[in-house]
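Student: Handing you this structure, nothing more for now.
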Amino acid sequence: MTKYGSLTGKVACITGAGRANGIGVAIAERLARDGARVVLTDIGAAAGPDLPESFIGTVAELELQAESIRETGGDAVAHRCDVLDEADVEACVKFCVERHGRLDIWVNNAGVGYLMEPLTELDATRWDTVLGVNLRGAFLGTKHAARQMIAQGEGGRIVNIASQAAKSGFPFASAYCASKHGMVGLTRVSAIELGPHKITTNAVCPNHITTGLGAWQNDYFSAATGRSLEQYLADMRRRIPMGRPGLTDDIANACAWLCSDDAYYVTGEALNVSGGEEMH
């Protein structure tokens, strides 16, 4: 028995899980350790200038993450999925069912967090990219995962990876904040509509986490606010009561709890995982 209870027999799909050391991979690793059979997905290839290969999980990298989980005894497989493409998302749900016979957990983790510009300079196409991946992608994942869970008749778990930016505004992040605020709204409506089917829907709201994307954000925001990187990071630590930024494992642990039987009666929540930095 694991810390938060066994997920043995459950099938979990995590989007945006193709990057080494990313939040998606950490979630997949944790759910696999708890006994779930996990399907890792990512877009697989660059899809234009606003979705460059440097910020997405290629097919090769996605396969490596799944292989790494298998090497430690987990049950993991990779599957390419573009969350902007409804046919892709529907096919991904079908893949989970064809391979494992069911789908119990869906984690909407895929997101764009690197298109940051002042509001008055943000191009509408970049706004559409952020809102598309972060919010349309979560909508499509929720829609098709919920359809399968309803058909199975045994309930399920949907977890949306939102952000501290779902609770507070930040300069240069208008599209990102709007998308994450929207994700919390989607979470609440989903909880109301899917609750009668014993499907819970919750959001996890991390503060800053220094993944590869997080390192880019550190560089961007320190420059944008006229601070050295060292000063920016020191200021960040000072405003967090726990004294450090978040870790990918912090988010994975929260997801594991929300997916467990212990959280059966928790739905519609936007759970802060921020070391006390965000309290509303």
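Student: When both residues are 6+ apart or on different chains and their Cβ atoms are under 7 Å apart, which pairs have a first residue that lies in region 147-158 and is farther than 18 Å from THR267 by Cα, and a second that is at pLDDT 95 or above and crowded, with 20+ Cβ neighbours inside 10 Å?
Tutor: GLN148/VAL93; GLN148/LEU103
Student: Which ones in region 46-92 are more than 25 Å from ARG33 (Cα to Cα) and either open to solvent by 70 Å² or more (accessible area, probe 1.4 Å) or of a type in the set (Gly, Ala, Ser) (or both)?
Tutor: Result: ALA46, ALA47, GLY48, PRO49, GLU53, SER54, ALA87, GLU90, ALA91.
Student: Oh, and also: Go through region 217-237 residue by residue and tally those that are free of Cβ contacts under 8 Å to residues at least 60 places away in the same chain, surrounded by 13 or more Cβ atoms within 10 Å (Cβ to Cβ) and hydroxyl-bearing (Ser, Thr, Tyr).
Tutor: 2
Student: Go through region 167-216 and give me each residue that's surrounded by 20 or more Cβ atoms within 10 Å (Cβ to Cβ), of a type in the set (Gly, Ala, Ser) and within 22 Å of ALA12 (Cβ to Cβ).
Tutor: The answer is SER190, ALA203.
Student: Name the pairs whose Cβ atoms lie under 6 Å apart, with the first residue in region 238-253 and more than 23 Å from LEU31 (Cα to Cα), the second not in a loop (DSSP other than H, G, I, E, B), and 6 or more positions between them or separate chains?
Tutor: That search, which allows pairs on different chains as well, returns GLY243/ARG237.
Student: Determine which member of the set THR58, THR15, THR41, THR8 is hydroxyl-bearing (Ser, Thr, Tyr) and touching a Lys or Arg at 6+ places or on another chain (Cβ under 8 Å). Lay out the reasoning, then the answer.
Tutor: Numbers: THR58 fails: touching a Lys or Arg at 6+ places or on another chain (Cβ under 8 Å); THR15 fails: touching a Lys or Arg at 6+ places or on another chain (Cβ under 8 Å); THR8 fails: touching a Lys or Arg at 6+ places or on another chain (Cβ under 8 Å).
Of THR58, THR15, THR41, THR8, the one residue that is hydroxyl-bearing (Ser, Thr, Tyr) and touching a Lys or Arg at 6+ places or on another chain (Cβ under 8 Å) is THR41.
Student: For ASP34, all conditions in the list (1) modelled with pLDDT of 95 or more; (2) open to solvent by 10 Å² or more (accessible area, probe 1.4 Å) hold save one; what is the number of the exception?
Tutor: Result: ASP34 passes all but (2).
The values are calculated or read from the model by the stated rules, or taken from the named source; none is laboratory data. What you see is a predicted model, and the numbers here were worked out from it, not measured in a lab. Virtual Cβ from ideal backbone geometry, glycine too; neighbours counted across all protein chains shown. Heavy atoms of the whole protein, side chains included, go into the accessibility calculation; ligands, DNA and RNA do not. Shrake-Rupley method; radii C 1.70, N 1.55, O 1.52, S 1.80 Å.
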